[in-house]
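The values are calculated or read from the model by the stated rules, or taken from the named source; none is laboratory data. Since the structure is predicted, the reported quantities are computational estimates derived from the model, not experimental observations. Don't worry about glycine lacking a Cβ; one is built from the backbone with ideal geometry, like all the others, and counts go over all protein chains shown.
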Amino acid sequence: MKSLVLFNNKGGVGKTTLTYHLAHMLARLGLRVVAIDYDPQCNLTAAMLDMAALVDVWELPEDLGRTVSACLEPVRRGRGELRAPRLQEIADRLWLLPGHLSLSRFEQVLAENWPKTMASDNDRALDVVLSLSALAHQAAESVAADVVLCDVGPSLGALNRAALLACDFVAVPLALDLFSAQAIANVGPTLVEWRTDWLTVCERHVRSHSFAGYAGHRFVPLGYIVQQTASGRLTSASQDWATGIAWLYRGFVLGEEERSIPEGLSVETDSHCISQIRHFANLAQIAYWNNKPMFDLKQADGVVGGQIQTVQECKRTFERLAKEICRRMDVQLPETTA
């Protein structure tokens, strides 16, 4: 099983939309996929479940383990182990562990226990910090998943740090603008710091812990995804940002020295750019209303005229993206779809 988080502390760059469509496309390509909503805003959950289903899930007793926060509640209270997750089946080969707004209460517990992971008496701290990773593993094992996708909010807080510790890879969605450039300069050093600190904890304290088997994730940088380009190509206004962001990613996220970064580098030539995704007009909103991916929309859902061709282009775009991400994560697709 391989796990991936799409992460950027700049909001509005399409993390949840990408996660949602990747989850559906990877399942279409024959993989068994679990999506986990580690964002207390629950945007991924709202996209995957209609309102009636969401109300049903949220009204169930916590001891049924139907949401992330329900599974983590015993750990938050310091009274026991995780509750076993019970996933919602969304489509063939696709399951969701829904989020809940109450997950925000776990943030303070995580923040308080992170420094304690370096202490000699740190069992409680490791229980807390590794709980999201343990939950992801248990969710994957319950359906024999090939891939786990974790959705997170736009922050550099304790909750997202624990979510990253549950993932093998991290990809950065971004736009070609000043805000994304600044976000890379923020995110890159933070990821390096978290990874370095966690390696120290693992080397000194984790081996004998009951969650030791869940501590091996290093959220390795997979690359970045440029969103909302015009027709998948750069405009004249975005050319400067295309060069700057490619440089910033290599310098701040990968830690490359300035002299080793090729001159004239751009997102169009950078091997770390996973994909450029065009802005698909108002398809995203129509898809949200219909609780289905953009590439499944039909005339009966409200698409008209040229939007029908855009739906097909969207399908090809996400199929290429899903296959490229699998290649970079070394996930083998079934032969019929490879």
Residue among L132, L156, L191, L199 that is assigned to a helix (DSSP H, G or I) and either within 21 Å of L72 (Cα to Cα) or touching a Cys at 6+ places or on another chain (Cβ under 8 Å) (or both) = L132
Residues in segment 120-139: is at least one more than 16 Å from A166 (Cβ to Cβ), within 21 Å of the chain's Cα centre (by Cα), at pLDDT below 95 and among the hydrophobic types (A, V, I, L, M, F, W, C)?
-> no
Please state which of the following conditions A284 fails to meet, knowing it meets all the rest: (1) in a helix (DSSP H, G or I); (2) more than 25 Å from A46 (Cα to Cα).
-> (2)
Scanning for something out of contact with any Leu (no Cβ under 6 Å at 6 or more places or on another chain), farther than 23 Å from R328 by Cα, in a helix (DSSP H, G or I) and of a type in the set (A, V, I, L, M), does segment 203-215 turn up at least one residue?
-> yes
Odd one out for F179, checked against (1) among the hydrophobic types (A, V, I, L, M, F, W, C); (2) buried (at least 19 other Cβ atoms within 10 Å of the Cβ); (3) farther than 28 Å from R327 by Cα; (4) modelled with pLDDT under 95 = (2)
Residue tally, condition under 18 Å from A27 (Cα atoms) and not in a helix (DSSP H, G or I), over segment 297-317 | 1
Name the pairs: first residue in segment 304-327 and touching a residue at least 24 places away in the same chain (Cβ under 8 Å), second residue aliphatic (A, V, I, L, M) and surrounded by fewer than 16 Cβ atoms within 10 Å (Cβ to Cβ), Cβ to Cβ under 9 Å, at least 6 apart or on different chains?
-> Q307/A281; T310/A281; K323/A338; C326/A338
Within segment 52-65, can one find any residue that is surrounded by 22 or more Cβ atoms within 10 Å (Cβ to Cβ) and either under 23 Å from K292 (Cβ atoms) or in contact (Cβ under 8 Å) with a residue 40 or more places away in the chain (or both)?
-> no
Please specify each residue of segment 1-11 satisfying the condition of being surrounded by fewer than 21 Cβ atoms within 10 Å (Cβ to Cβ), assigned to a loop (DSSP other than H, G, I, E, B) and at pLDDT 90 or above.
-> M1
